[in-house]
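The values are calculated or read from the model by the stated rules, or taken from the named source; none is laboratory data. Predicted model only: the values in this text are computed from it and were never measured. Positions of Cβ are generated from backbone atoms using ideal geometry, with glycine treated the same way; all protein chains shown enter the neighbour counts. SASA here: full protein model, heavy atoms, side chains in, ligands and nucleic acids out. Shrake-Rupley method; radii C 1.70, N 1.55, O 1.52, S 1.80 Å.
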Amino acid sequence: MTVAIIVVLVACVLKTCTEVVLDMLNLSCVKKHSNEVPEAFKSFMDFQTYQKSGQYTQAKTKFTVLENIFSLVLLMALLVSGSLSACYGAFVDMFGGGFFAQAFAVVAVVMLISVPLLPFDYYAQFVIEQKFGFNKSSVGLWITDKIKGIFVCIILCVPILALILWFAQTFSNTWWIWGFIAVAIFQVVMIIVYPMFIIPLFNKLEDLPDGELKTALFDLANRGKFFARKIQVIDGSKRSSHSNAYFTGFGKFRRIVLFDTLIEQLEQAELEAVLAHEIGHYRKGHIIKMIITSFAMTFVMFAFMGYIANCDWFYQQFGFDKSLGLGSVILMYVLFGGSFTFWIAPITNYFSRKNEYEADAFASELCNGGQSLISALKKLHKKNLGNLTPHPLYSACNYSHPTLAERMEALEKINEK
């Protein structure tokens, strides 16, 4: 076993062990508060639903621990045995050796590795989500989604990977800069393409019917200086009773999307508050900041791969044939990069939660107070069996949003001013 393999294995084990410790801390916190509904939530949460939310969190957490351990063992076995490099080489030979062949090989290896994880995905959907009343999907729809996902992944990933591989051969020293530019452009284009062409492959999008709700939401958007061209409803209920709202695109492609389940669960004033929160992200510049941050992280990723691609030790220690090109570097980053970037999650989550507080404050101002948003958050946590008492360390490492208690407290302080 080479030094490089040992370093990667240690990183993977540390990441998984840390995740397990955080999960155990979270479970202990849920159990600690399981005997009585905390005072802050008694006004909207009955004891039976509260217990059910705890059971849901425990079921998901225990399952996630098993899935993470299985994934760790699988990746370790592939790396130590040399199967990963052998599999990649076999796929390149099978597809012909060109840029598209290498791109296909990277995608094919990642897809092949994901096959043993399918039973976990199935169990999560049709056992856990089913048990707690969230699953609305059928096995046929689940299989169809997987097949569509494969084709979408191939259509989107193979061309951009092939272009990066071409850059690597054509511009040996500066390819990673051109690769970064290509991916950055791809990310911006996807902001437009994804809602227009990808989402409709999986879900039905319809314009919100004319009526009081549509008028109120457009009026709110105009007051918030978010001039959306469309408000659409997505049929999220065909797969799950969980709910959400978001906006996509920019310029003339900008649109607001509401889950049909969200419309069913909330009153009009609460829907306005949720929409105001989403508008807050736009008005406070969070979207631009997110894009810039993504660009910065992508730049660092390409700079790192640009360095590794020129290191003979990388190919020697991991058993890849250097003549097969950059594909092996990309493959290793896709599979193992998360074990190293995992440690910056608390930092990114901190800034994400800061953005959420700002969006909440904007919604409070736009809706003449935060009571409607507080009411909406309470209902959504109750309907979705959200964890009301997460461990602070778990929350810091895993939550991109503040907890319900934290958001309620912040909104109440705004209301008191």
With the 1.4 Å probe rolled over protein heavy atoms, region 133-216 has an accessible area per residue in Å² of 56 Å²
Need one number: nm distance between label points at residue 121 and residue 393, each 7 Å from Cα along Cα→Cβ, rounded to one decimal.
3.3 nm
Are there trypsin sites (Lys or Arg not before Pro) in region 154-227 that DSSP marks as loop and that have at most 14 other Cβ atoms within 10 Å, and which are they?
204, 225
Residue 6 accessible area, nearest 10 Å², 1.4 Å probe?
80 Å²
Counting only heavy atoms of the protein chains, get the accessible area per residue of region 1-90 (1.4 Å probe) and round it to a whole Å² value.
51 Å²
Using only the alpha carbon atoms of region 199-356, find the Kirkwood hydrodynamic radius as the inverse mean reciprocal pair distance, in angstroms to one decimal.
19.0 Å
Label model pair residue 412, residue 182: point-to-point distance (7 angstrom along the Cα→beta-carbon line) in nm is 5.4 nm
In vacuum, with every alpha carbon of the chain counted as one equal point scatterer, what does the Debye formula give for log10 I(q)/I(0) at q = 0.13 Å⁻¹? Two decimals, please.
-1.36
Select from region 293-394 those trypsin sites (Lys or Arg not before Pro) which occupy a DSSP coil region and have at most 11 other Cβ atoms within 10 Å, ordered by residue number.
none
When the chain is modelled as a GNM with alpha-carbon springs shorter than 10 Å, which of 292, 263, 160 fluctuates the most?
292
Once residue 246 and residue 31 are pulled to full extension, the length gained, defined as 0.36 nm per residue separation minus their Cα-Cα distance, is 74.1 nm
Note down the net charge around residue 144, summing +1 for each Lys or Arg and -1 for each Asp or Glu among other residues with Cβ under 13 Å from its Cβ.
+3
Can you give me the angle between helix 139-170 and the longest principal axis of the chain, using Cα atoms only, in degrees from 0 to 90, rounded to the nearest 10?
50 degrees
For the chain, with a Gaussian network of springs between Cα atoms less than 10 Å apart, report the residue from 243, 34, 81 with the top mean-square fluctuation.
81
At 0.36 nm per residue, and after removing the present C-alpha to C-alpha distance, how many nm does the segment from residue 142 to residue 268 gain when stretched out fully?
42.1 nm
Using a 10 angstrom cutoff on alpha carbons, build the Gaussian network for the chain and name the most mobile of 95, 342, 151.
151
Not counting ligands, DNA or RNA, and with a 1.4 Å probe, what is residue 357's accessible surface area in Å² rounded to the nearest 10?
80 Å²
Kindly identify region 344-417 as rounded, prolate or oblate by the Cα gyration tensor criterion: order the square roots of the eigenvalues as a ≥ b ≥ c, call it rounded if a/c is under 1.5, otherwise compare a/b with b/c, prolate if a/b is larger, else oblate.
oblate
Between 0 and 90°, nearest 10: helix 345-366 axis offset from the chain longest Cα axis:
30 degrees
Counting other Cβ atoms within 10 Å of each Cβ, which chymotrypsin sites (Phe, Trp or Tyr not before Pro) in region 220-277 have at most 11 and sit in a DSSP loop?
227
Give the accessible surface of region 283-417 per residue, rounded to a whole number of Å², with probe radius 1.4 Å and ligands, DNA and RNA excluded.
50 Å²
Can you tell me what share of the DSSP beta bridges in the chain is antiparallel? A percent to the nearest 5 is fine.
60 percent
Accessible-area order for 240, 323, largest to smallest, probe 1.4 angstrom, reads 323, 240
For the pairs 225/378; 284/382; 378/413; 60/238; 204/230, flag any whose C-alpha to C-alpha distance is greater than 19 Å.
225/378; 284/382; 60/238
So what is the calculated 222 nm ellipticity per residue for the chain, using -39500 (n - 2.57) for each DSSP H run with n of 4 or more, over all residues, to the nearest 500 deg cm²/dmol?
-22500 deg cm²/dmol
Distance between region 372-417 and region 83-135 - C-alpha centres, whole angstrom
35 Å
Counting only protein heavy atoms with a 1.4 Å probe and every protein chain in place, the carbon and sulfur fraction of the accessible surface of the chain in whole percent equals 64 percent
